[in-house]
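Written below as structure tokens is the structure these notes are about.
Derivation of every value follows stated rules applied to the coordinates shown; laboratory data play no part. All values reported here derive from a predicted model rather than from experimental measurement. Every residue, glycine as well, gets a Cβ built from its backbone with ideal geometry; the counts of neighbours run over all protein chains shown.
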Amino acid sequence: MSHFPDRRAFLSDISSFWPFAADAFMAPADATLRHTRFELNAFQRDEFAHHAINFPVRLEQAVAKRQAEYLAGRVCAREALREYDRHDHELNTLPDRRPAWPDGTVGAITHSRDFAAALVADASRWVGVGIDAEHYLDVERAARLKGEILTDAELAMSAAFSPLQLARFVTLVFSAKESLYKTLYPLVGRSFYFHDAQLSAWDESCGSIEFELLVTLSPFWCAGARAKGLYAELEGQLLSLVAVPNMA
């Protein structure tokens, strides 16, 4: 058995805390969320062996941060999959670099600085899920990026916001569109961009959002189709998810 000397812990305990509103359309009973913090300065290559995760060849030349966030995300995914009787399942990676979720499940992984999370759901109930974590943009960066992220309608929606409100709004839309992409890309098999969907409903009281597609991505996901999502603050950052129920 390999010996690992005493050192600072790379991963904090895996948490199952569900931060989204209890009465939202997706609840803890519908999906499994696992998240953790990781300490980049404590990362060493043998953390992969320590956590029994195979080191991918494609990360051989990657910087330590990329290797660390990959590992943290995969550990969260493995812990989430245990809830679906996929004990110690090793996620393969598809050619487009998406995780290959085991049959009967759908899922998504996210990481932001020192935070990683994975969301897994039963494929008989949900055909797609996406999740994204973001640290809030500062005022200056949000002002620079708003035109790249927000549609004309979203810009109009936020026209009266203070600089701080705008920064939080741009962060929300950015994160939620990332979650939307992770949800729909496996279903439609094609890329789309920030201006290809826009916020159609937003309820701050329960952290719910809805997006409308502005382009046609597939025969089913046509312009005008809508997808629901949730958002919440978790450990000082924004966490968003989008999920599509299985209507079959």
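Just to confirm the filter: which GluC sites (Glu not before Pro) across segment 182-225 are DSSP coil and have at most 11 other Cβ within 10 angstrom of their Cβ?
Qualifying residues, ordered by number: GLU204.
List the longest stretch of the chain that has no exposed loop site; here a site is one of the chymotrypsin sites (Phe, Trp or Tyr not before Pro) assigned by DSSP to anything other than H, G, I, E or B, with at most 15 other Cβ within 10 Å.
Counting only loop sites that pass the neighbour cut-off, the longest clear stretch is 26-160.
Along the charge dipole of segment 68-171, pointing to its positive end and built from +1/-1 on Cβ of Lys, Arg, Asp and Glu, which listed residue (VAL75, PRO95, PRO163) has its Cα farthest out? The one lying farthest along the dipole's positive direction is PRO163.
Residues with beta-carbon under 13 Å from that of ALA121, excluding ALA121: net charge, scoring Lys, Arg +1 and Asp, Glu -1?
Here the count lands on +1.
Taking other C-beta atoms within 10 angstrom as a stand-in for reagent exposure, LYS177, LYS65 fall in the order LYS65, LYS177, fewest first. Taking all C-alpha pairs of segment 25-162, those more than 20 Å from each other amount to 55 percent. Helical runs (DSSP H, four residues minimum) scored at -39500 (n - 2.57) apiece and divided by the length of the chain put the mean residue ellipticity at 222 nm at -8500 deg cm²/dmol. Would you mind checking the tilt of helix 139-149 against the longest principal axis of the Cα atoms of the chain, expressed as 0 to 90 degrees and rounded to 10? Between helix and principal axis, roughly 70 degrees. Only alpha carbons enter this Debye calculation for segment 137-213, each as an equal point scatterer, and the log10 of I(q)/I(0) it gives at q = 0.18 Å⁻¹ is -0.71. Excluding residues fewer than 8 places away in the same chain, name every one of the lysines whose C-alpha is closer than 28 Å to that of LYS65. Within the straight-line cut-off, LYS65 pairs with LYS146, LYS177, LYS182. Computing semi-axes √(5λ) of the Cα gyration tensor in Å for the structure here picks out one of [x] 24, 22, 19; [y] 36, 22, 16; [z] 31, 22, 17, namely [z].
For LEU71, LEU217, what ranking results if the residue with the fewest other Cβ atoms within 10 Å of its Cβ goes first? Walk me through the intermediate numbers first.
On the way: LEU71 25, LEU217 20.
The fewest-first ordering by Cβ neighbours comes to LEU217, LEU71.
Would you mind ranking CYS222, CYS76, CYS206 so that the residue whose beta carbon has the fewest other beta carbons within 10 Å leads the list?
CYS222, CYS206, CYS76
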